[in-house]
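Visitor: One structure, pasted below without further comment.
The values are calculated or read from the model by the stated rules, or taken from the named source; none is laboratory data. Keep in mind the model is a prediction, meaning the values are calculated, not measured. Positions of Cβ are generated from backbone atoms using ideal geometry, with glycine treated the same way; all protein chains shown enter the neighbour counts. Ligands, DNA and RNA are stripped out before the accessible areas are found, and what is left, the full protein with its side chains, is counted by its heavy atoms. Shrake-Rupley method; radii C 1.70, N 1.55, O 1.52, S 1.80 Å.
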There are 2 protein chains.
Amino acid sequence: MKLTFLGTGDAAGVPLFGCDCDTCMQARRGMGMRRACSAVIRFGSSSILIDAGRGDLAELFDQYNFDRILLTHYHADHVLGLFHIRWGSRDSAIAVHGPADEQGCADLLKHAGILDFSSCMQPFESRSFEDISITPLPLNHSKPTLGYFFDYDGKRLAYLTDTLELPAATESFLLENRPDLLVIDSCFPPDCEHKRNHNDLDDALNIHRRITPGETWLTHIGHGLDSFWQQQGIELPDHVFVAADGDEINL
Amino acid sequence: MKLTFLGTGDAAGVPLFGCDCDTCMQARRGMGMRRACSAVIRFGSSSILIDAGRGDLAELFDQYNFDRILLTHYHADHVLGLFHIRWGSRDSAIAVHGPADEQGCADLLKHAGILDFSSCMQPFESRSFEDISITPLPLNHSKPTLGYFFDYDGKRLAYLTDTLELPAATESFLLENRPDLLVIDSCFPPDCEHKRNHNDLDDALNIHRRITPGETWLTHIGHGLDSFWQQQGIELPDHVFVAADGDEINL
């Protein structure tokens, strides 16, 4: 399978609106821009979108022809693109699988249009679509939130945003099912005092050390962490990488 | 003052996601695209954004340097751009004036970031910002919704989306204060049986005939009306025009 990062930013994104620091000015020139955190998994002739916060979701559909959408949760920066495409024209509904969350986001579940939210994902209940197995893993966030563990053709990928640390049961699952590739929330700079609902870099690296996946890629990265790296340089353990929008990983 | 249409589409926009009709295929090639319904009013050295549904609001701020934002209402296609910029960096908050609506949209009012929603607009209570007078006019929609009547330097502009017909009090106000320019919701093709919460073309033209403004410009236009025109040709009364994204009108 192949993972492509469609967005690697936090809810504010990079550049940060109104900020004229070097990191943000560079991002405005197209270097280091981070869009709404999302990714596409491709395997065989199928493709699955993870999270739908990008505003240009219609164009992404043209490019990737997603078979279905997985949502980690219903915060705005993970679902904004759905508000537009729901009113589109399709022969059949688009399946959107998220955690059970009665509130959803605004009127999205109430007025679903061509989207079908009826088939929710339940923690640790594996499901197979085409030839891929997907196991939802609960995360620590301010709304019901799931990470997803993909198993395809003997390769394992865990995609875990948005979270502050990991629930014990999720960590146990990952220790028993070590992923080849771990994608993990790393929103804030290290030793961050004001972190809420997301890992800082220390948390993300500690998770990497405990899980010992083949590789770990950091995502859901905020302007503060990019600024920190711009000033300090990036020093990361072996097998840990910083994801950028557009990066592709073959598994 | 100068009005620029930043978007003239309905919630689905043109092109309609998934539709391959001539109108939509042409819009994908850049001709006739309709983005989220919104506009900017410029007067003196000031500028006011009306509605914030475009996803590239940060870039629009760079271009127009809005002094404040007016919201007609809190449906997603009128506020989506705010979910991103609220987490930006600014010396002072951005004033966002909408109707009183406790629900707002998702968690926008609860987590306002750099946006200040505290100063709501009340029907028929005129307010002045810099040298412009703004009178909120109630509209007929499925959420609390206001149109806005602008009076600047002896010129009058009424901007009225989203609405199905007009409340009697709003119509009386406009008959007593005839606008030089009327911008009116014209979402559906004429004689539309399934219309909800928005005018069809007949409704919009009837409003034009009753109010007799200097000019009427149609906006909040859906794919169905554009398709109708593509097939039938556009025949409109004198002084009535179809707005397109990017159109500018000097008053």
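Visitor: Among the helices (runs of 4 or more DSSP H) contained in segment B:132-251, which hold 2 or more residues that are at pLDDT 95 or above, open to solvent by less than 10 Å² (accessible area, probe 1.4 Å) and in contact with an Asp or Glu (Cβ under 9 Å, 6 or more places away or on another chain)?
Guide: On the way: elements: B:168-176, B:201-211, B:223-232.
So the answer is B:201-211.
Visitor: Let me ask another. Restricting to segment A:83-100, name every residue that is in a loop (DSSP other than H, G, I, E, B), facing another protein chain (nearest Cβ under 9 Å) and either touching a strand residue (DSSP E or B) at 6+ places or on another chain (Cβ under 7 Å) or open to solvent by 40 Å² or more (accessible area, probe 1.4 Å) (or both).
Guide: So in segment A:83-100, the residues in a loop (DSSP other than H, G, I, E, B) come out as A:86-93, A:98, A:100.
Retained after the next criterion (residues that are facing another protein chain (nearest Cβ under 9 Å)): A:86-91.
Hits for segment A:83-100 are A:Arg86, A:Trp87, A:Ser89, A:Arg90, A:Asp91.
Visitor: Filter segment A:101-131 down to the residues that are among the aromatic types (Phe, Trp, Tyr) and not in a loop (DSSP other than H, G, I, E, B) and list them by number. Give the steps one after another, and end with the answer.
Guide: Step one: filter segment A:101-131 for residues among the aromatic types (Phe, Trp, Tyr), giving A:117, A:124, A:129.
Within segment A:101-131, just A:Phe129 meets the criteria.
Visitor: Before we move on, is B:Asp107 at the interface with another protein chain (Cβ under 8 Å from one of its Cβ atoms), without any contact (Cβ under 8 Å) to a residue 24 or more places away in the chain and either over 17 Å from B:Lys2 (Cβ atoms) or open to solvent by less than 60 Å² (accessible area, probe 1.4 Å) (or both)? Reasoning before the result, please.
Guide: Numbers: at the interface with another protein chain (Cβ under 8 Å from one of its Cβ atoms): yes; without any contact (Cβ under 8 Å) to a residue 24 or more places away in the chain: yes; either over 17 Å from B:Lys2 (Cβ atoms) or open to solvent by less than 60 Å² (accessible area, probe 1.4 Å) (or both): yes.
It is true that B:Asp107 is at the interface with another protein chain (Cβ under 8 Å from one of its Cβ atoms), without any contact (Cβ under 8 Å) to a residue 24 or more places away in the chain and either over 17 Å from B:Lys2 (Cβ atoms) or open to solvent by less than 60 Å² (accessible area, probe 1.4 Å) (or both).
Here is a yes/no grid of residues against (1) under 25 Å from A:Asp101 (Cβ atoms); (2) out of contact with any Ser or Thr (no Cβ under 9 Å at 6 or more places or on another chain):
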residue	(1), (2)
A:Thr161	yes, no
A:Leu166	yes, yes
A:Ser172	yes, yes
A:Leu182	yes, no
A:Phe188	yes, yes
A:Glu193	no, yes
A:Pro213	no, yes
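Visitor: Give me the pairs: first residue in segment A:162-191 and of a type in the set (D, E, K, R), second residue assigned to a strand (DSSP E or B) and surrounded by 23 or more Cβ atoms within 10 Å (Cβ to Cβ), beta-carbon distance under 6 Å, and six or more apart or on different chains, which are they?
Guide: A:Asp162/A:Asp185
Visitor: Would you be able to say whether some residue in segment A:165-180 is within 21 Å of A:Asp247 (Cβ to Cβ) and out of contact with any Lys or Arg (no Cβ under 7 Å at 6 or more places or on another chain)? Can you show your working first?
Guide: So in segment A:165-180, the residues within 21 Å of A:Asp247 (Cβ to Cβ) come out as A:179-180.
In the following step, the residues that additionally are out of contact with any Lys or Arg (no Cβ under 7 Å at 6 or more places or on another chain) were identified as none.
Within segment A:165-180 (the criterion being within 21 Å of A:Asp247 (Cβ to Cβ) and out of contact with any Lys or Arg (no Cβ under 7 Å at 6 or more places or on another chain)), the answer is no, since none of the residues qualifies.
Visitor: Same structure again: So B:Arg34 clears everything in (1) over 17 Å from B:Asp226 (Cα atoms); (2) of a type outside the set (A, V, I, L, M, F, W, C); (3) touching a helix residue (DSSP H, G or I) at 6+ places or on another chain (Cβ under 8 Å) except one condition, right? Which one?
Guide: (1)
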